[in-house]
1. Measure off, as a whole percent, the carbon and sulfur share of the 1.4 Å-probe accessible area of region 272-420, all protein chains present.
2. So if each residue of separation counts as 0.36 nm, and I subtract the Cα-Cα distance between residue 325 and residue 130, what length gain in nm does that give?
3. I need the phi-derived Karplus couplings for region 329-344: 6.51 cos²θ - 1.76 cosθ + 1.60, θ = phi - 60°, integer Hz, Gly and Pro marked x.
4. When each pair of different Cα atoms in region 384-494 is counted once in the 1/r mean, what is the Kirkwood radius in angstroms, to one decimal?
5. Give me the one-decimal Kirkwood hydrodynamic radius in Å for region 309-392, with the sum taken over alpha-carbon pairs.
6. Return the FRET efficiency for the residue pair residue 344, residue 379: r is the Cβ-Cβ distance, R0 is 22 Å, and the value is rounded to the nearest 0.05.
7. Over region 318-446, what number does the Rg to Rh ratio reach, with both radii from the alpha-carbon atoms and Rh per Kirkwood?
8. Got a number for the accessible area of residue 263? Probe 1.4 Å, square angstrom, nearest 10.
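The values are calculated or read from the model by the stated rules, or taken from the named source; none is laboratory data. Bear in mind the structure is a predicted one, so any value in this text is a computation, not a measurement. Methodologically, a virtual Cβ is constructed for each residue, glycine included, from the backbone with ideal geometry; neighbour enumeration extends over all protein chains shown. Remember, those area values only see protein heavy atoms, side chains included, never the ligands or the DNA or RNA. Shrake-Rupley method; radii C 1.70, N 1.55, O 1.52, S 1.80 Å.
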Amino acid sequence: MIQIGSLPLPIGGGLEQLRKRAARALGVRPSSLGEMTILRQSIDARNKYDVHYVYTVGVSLPNEAEAVKRAPGRNVTLLERRPYRFPAVARRSGLPPVVVGMGPAGLFAALFLARNGLPCILLERGQDVDRRTLDVGDFWASGGLDGESNVQFGEGGAGTFSDGKLTTGTHDSRIGVVLETFVQAGAPADIQYSHKPHIGTDILRKIVKNIRQELLSLGCDIRFGHKLTGLTVNSGALAGIQAEGPQGTYLLGADALVLAPGHSARDTFAMLRNAGVPMEQKSFAIGVRIEHRQRDVSFRQYGGAWERLPPSDYKLACHMPGGRSAFTFCVCPGGQVVAAASQAGGVVTNGMSLRARDGENINGGLLVGVGPEDFSGNDVLAGVRFQEQWEQAAFRLGGGGFRAPVQRVEDFLRHRPSEGPGGILPTYRPGVVWTDLSACLPGCVTDTLAQALPLLDQKLHGFAAPDAVLTGVETRSSSPVRILRDQSLQSALRGLYPCGEGAGYAGGIVSAAVDGIRAAEAVAQR
């Protein structure tokens, strides 16, 4: 295949026009090209008067090496695509592997083990995605939280109620097979070439169910409402697990446990600590969700072309002289701020978008990094306690019922409580209370955000708009602990394979799925 990059295409341009530009770059007629595949699509908005798409495509042609040498255009290269290959299976144990957690890491670990002849037992403390969606809807409507079936726990993991972003800062060779698997399960094909791919929570829920059906067809035993509660150890190696299900507590023999708990499994972290599994404190970030009108952000990004393009997002960061940084995280165009609590007495926020991203507002996390130096105590779970402290403060400030405290940006910058909204209405349910967010954030975070907002406004004019809405608090940007593992991806407790975002080794859907595949490879080769 020949790869041709940097092909501009105007908004509204079609595949035939793109094919002609690819042929021109090769110096051949369009009719001589074979199949054309879109490899990458992005938007160039550097000049607001000439916003256009930019493509990289792959085409087939006879004598491709010679065609590349003769090509008059730039960015023309030979592309050798190497399909993913799962390593040869060496595992001979009579016990099936056990996978705990059905977020992306656990799902992909189980899927790639099962596809290669090693069907698993999967334990998920939450419920299947249909039951979970009903429970989450009830919570948002009434404030009645189910501690085991919510935005954090259940089939698909926390990402199921998000924007379904598939961007990643990693460059692992397994990324392609992750995206291919999503498409096979019903994701739109454009996630394989979009510069900023996303699925949307509505489509992601269907994909998760389709992956579950494949797991069942491959012989996996899936148990919803079953929680890992203990480990059985023999001579420094895993011999079994203790689990709690609807019928009570039971023991399960296991010599290979892929542990993908998610970043909110605080009781699981405590159990591991008490069992002597090595862990360490980990830095994460805390802050708020900020909401703007989507049309305002799109106009700032794209100029007059904004109505003919998909809703714009943003990615902003700035570093303060004191050493702290503020940055945006998990931006959800056309989305809503959601209640993401998993424990009584604490308010947690996150963002979510449908595939269409057609809501009135855009929201994003506006966060400040914190680390062990900010936590009190040397306990490995000090970061968990730090999260809980500010979640509980937000709950109290919201007056209970999981209402969230909110404040307008102009009031936040003037250190005064807000009394009501301006032109931007908050989307958080089950409700909000207008107040002063400084009562539910660490001083280092409020100070950093107050310094950062005017600076970020210089990068994206209108970001610090007076009536932009800040909703508190966001604490679950990543795991507060890391479950230590070695090069074999095992804990010091042999047979335990911690993986994914909750274990401290990923930062999003794709990177967690990749880590799950790596864990599956390690189990298969052991």
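1. Details: 2860 of 5990 Å².
Reported share for carbon and sulfur atoms: 48 percent.
2. Numbers: separation 195, 0.36 × 195 = 70.20 nm, distance 3.89 nm.
Net length gain for the segment: 66.3 nm.
3. Per-residue couplings from phi come out as 8, 6, 6, 10, x, x, x, 9, 7, 10, 6, 10, 5, 10, 9, 5 Hz.
4. On the way: mean 1/r = 0.0636 Å⁻¹.
Result for region 384-494, one decimal place: 15.7 Å.
5. Values: mean 1/r = 0.0667 Å⁻¹.
One decimal place: 15.0 Å for the Kirkwood radius.
6. Working: r = 22 Å, r/R0 = 1.00.
The value I calculate is 0.50.
7. On the way: Rg = 15.3 Å, Rh = 15.9 Å.
Radius of gyration relative to Kirkwood radius: 0.97.
8. Roll a 1.4 Å probe over it and residue 263 shows about 20 Å².
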